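The structure appears below as structure tokens.
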Amino acid sequence: MKLLKISKVAIVSRNIYELLDYKCEIQKINIGSLVEVPLGKKHTVLGVVIKFISTSNIKKQKLKNIKKIIVANLFSAKQLKFYIQIAAYYHYPLGEILCLALANNIKQKKQFSPVVFAKKYFGLAPNIDNTYLNKLAKNAKKQQQLLKYLLQHKELSEEKIKQLNISMSTIIALKQKKWLIILQKTEYKTKTNIINIDAKKHILNKYQQQAFDTIINNLIKFQVFLLQGVTGSGKTEIYLQLATLISNKKQQILILVPEINLIFQTVSLFQQRTSQKIAVLHSKLTIKERDYNWYLIKNGIAKIIIGTRSAIFLATANLAMIIVDEAHDGSYQQQDKLQYSGRNVAIMRAAQEDIPIILGSATPSLETLYNVQQKNYKMLQLPNRTGLAKIPKFKLINMQNQYQALNQKTINKIKEHLQTGSQVLIFFNRRGYAPVFRCHDCQHILNCKNCSSHLVFHYSKQCLKCHHCDFSCSCPLKCIKCGSYEIQPLGNGTEKIEKQMQKIFTNYTLIRIDGDTSSNKNVMQENLQQIHSGKAQLLIGTQMLAKGHHFPNLTLVCIINIDSAFYSTDFRAIERMGQMIIQVAGRCGRANKAGEVIIQTTQIQNPLLQLLLKKGYLAFCQELLAERKLTELPPFSHLAFISSIS
């Protein structure tokens, strides 16, 4: 009697929590395969085979057959364990999580064919070694340069020939000696606009080298490293050298960044430093671009993967390390559907893959520092900025009884720095023109009809928007409560500050970067290119400019308003304020020019603020951890969030 083989299948893209039983009459089907199965009387859907069982609670005659295999062995055993763990931890359908790991063409049961082309390379003929350098004439400098390069790197592309300024006559000379051969390699078409930034390799300083050596001595097992260094301490250089080391071993490295606007700079750095194929994943890609990058990652063609939080769910070919840059950042928290922490999920993925993970941050979260204290994570510190760069100086400006956005002292300091040819950043973490639209007569404030948050006035579009649920409406001509026509915007936003600065600094190019101006990925790239090229001198921005960016010519940062954190009911508000101040301050003075930071506040004597500026971020965190322990708040306890949406 033939034994019935039954498979447990997770249904993809359906809100089904249970695994469904199907008869498995296809011979070569394995766990982790993507299959097509019937669901209901008329539908066929995709599912992933999770495990095999010998008996089912469903009667034999009612069990339906798996129709066909779409992709065999799509997920490895380790990857499936990871997805199952996430489904259990976040109480979410396994099939929905697996859907995050699939390319769009696979969901539609289509084959994907990437665009490939043959590319010409030059390599050395067999048996050519260092002794051949002595056979060249002493005045044949370019031939020596070419031979040395090939002895070290094995091959040379046509693009690299131009970068090294080697002429075709030099190549022909070595070819005539039969030292050079032509190679043909299959290349995968890619399209990335590179931002022109300094990407040259730097020699690691003492602290960087210690951190690098510690990490590479732990490459074959799971370990969480906290790479904590002051802003500008060279964390990115360690990432670059680790990526080069791992990709040269034909393994993959995944680098997560918190926001899309950091992708362009990160990709540009890695493209200029390595010849390895890079794959990118974020929400602004077209469906075709996402499918293409998915193909490169799944088939192991891309060795370096750079993406935002959702990239952690990708099915990789040979993952060897995960880096979470700016690991403290709130953008790693998904706020809808699967409400997960990208940082915590990345740690779970690394544990299942048994590989190291690096949490990089100048301002790690209190939870991360607590895990260091509990010896769950290993901290690697970079206490100094690299090169000649110094930590910027802080200056507090008292804003008591002052209602304008920028104090006159702040404006004078901006003028002073601009006149030296430097760049200035005005940081204000509130987009729009004004946060409140209020009736002057009855004091009624217009709120969102969906979630009761204040509607924000946007001058350029002459509309009111809710920054919580995206509701928008046109501006009313009169008060909906008392009928008065005396309704007006109240308060400041980046849009309003931009208009004020345009009137004061008429001779300088100004760029505003926030969620309204940077919704298009091409616009964001163009703005960053203008900043790096020096065409824009005065920058106005929200948290999009607060982290990760390297602007060598930026010497002054003006932080407009930090006071809301002191009055917030959110127990994490003070922690985030400290992170924001250190991160924004870290954008200036990163090269040879000294940096300066102005903070406008009514709380100049606040003990926590004074502690942060005088003793540094880690001392500030120790004080906050003591408070959290006293009040039994995380990380010394757990909180549950229950949300009900009608």
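The values are calculated or read from the model by the stated rules, or taken from the named source; none is laboratory data. Computed from a predicted model, the values in this text were never measured in an experiment. Virtual Cβ from ideal backbone geometry, glycine too; neighbours counted across all protein chains shown. Calculation scope for accessible area: heavy atoms of the full protein, side chains included, ligands and nucleic acids excluded. Shrake-Rupley method; radii C 1.70, N 1.55, O 1.52, S 1.80 Å.
Quick look at the values:
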item	result
Eligible aspartates and glutamates near Lys395 by straight Cα distance, threshold 19 Å, same-chain separation 8 or greater	Glu416, Asp563, Glu596
Value of D in µm² per second that Stokes-Einstein yields for the stretch 519-605, Kirkwood Rh from Cα pairs, at 20 °C (1.002 mPa s)	149
Per-bin percent of Cα-Cα distances, the stretch 1-158 [10 Å]	9, 29, 19, 8, 11, 13, 8, 3, 0
Where the Cα pairs of the stretch 370-447 fall when distances are cut into 10 Å bins, in %	11, 23, 25, 21, 16, 4
Protein accessible area in the stretch 505-646, 1.4 Å probe - carbon and sulfur %	52
Surface/4 of the Cα convex hull for the stretch 7-63, nm²	4.1
Of every Cα-Cα pair in the chain, the percent that sits beyond 43 Å	34
Approximate spin-label separation Leu639-Lys148, in nm, with each point projected 7 Å along Cα-to-Cβ	5.9
Efficiency of FRET between Lys378 and Lys206 - r from beta-carbon atoms, R0 22 angstrom, step 0.05	0.75
Restraint check, Lys141/Lys177; Lys393/Lys615; Lys5/Lys51; Lys23/Lys67, Cα-Cα greater than 18 Å	none
Reachable lysines, given that their alpha-carbon falls under 26 Å from the alpha-carbon of Lys449 and they are not under 8 places away in the same chain	Lys337, Lys461, Lys465, Lys478, Lys481, Lys496
The stretch 208-271, accessible surface, carbon-and-sulfur percent (1.4 angstrom probe)	52
Kirkwood Rh, Cα atoms: Rg over Rh of the stretch 445-490	0.95
Spatial separation of Cα centroids for the stretch 156-173 and the stretch 257-303, in angstrom	28
Förster radius 60 Å - calculated FRET efficiency between Ser275 and Ser484 (Cβ-Cβ, nearest 0.05)	0.35
Euclidean distance between Cα centres, the stretch 586-644 to the stretch 335-392, Å	17
Reachable aspartates and glutamates, given that their alpha-carbon falls under 18 Å from the alpha-carbon of Lys629 and they are not under 8 places away in the same chain	Glu367, Asp570, Glu575
Cα centroid separation, the stretch 213-254 to the stretch 426-497 (Å)	46
Distance histogram in 10 Å bins (all Cα pairs of the stretch 326-381, percent per bin)	22, 53, 24, 1
Given Lys201/Lys284; Lys178/Lys250; Lys42/Lys110, the pairs whose alpha carbons are separated by over 27 Å	Lys201/Lys284; Lys178/Lys250
Globularity ratio of the stretch 72-114, using Cα Rg and 2.2 N^0.38 Å	1.30
Which of Asp336, Asp329 is most accessible, then next, and so on - probe 1.4 Å	Asp336, Asp329
Calculated log₁₀ intensity ratio I(q)/I(0) where the Debye formula runs over C-alpha points of the stretch 294-351, q = 0.17, 0.20 Å⁻¹	-0.57, -0.77
The chain: calculated mean residue ellipticity at 222 nm from DSSP helix runs of at least 4, using -39500 (n - 2.57)	-9000 deg cm²/dmol
Diffusion coefficient, µm² s⁻¹, Stokes-Einstein with Kirkwood Rh over alpha-carbon pairs of the stretch 234-371 at 37 °C and 0.692 mPa s	218
Convex hull of the stretch 564-646 built on C-alpha atoms - directionally averaged projected area, nm²	8.1
Cβ-Cβ FRET estimate between Ile58 and Gln163, R0 fixed at 51 Å, reported to 0.05	0.20
In nm, spacing of pseudo-spin labels at Ile287 and Thr44 (7 Å Cα→C-beta vector)	2.0
Pair Lys503, Tyr403: separation of 7 Å Cα→Cβ label points (nm)	1.6
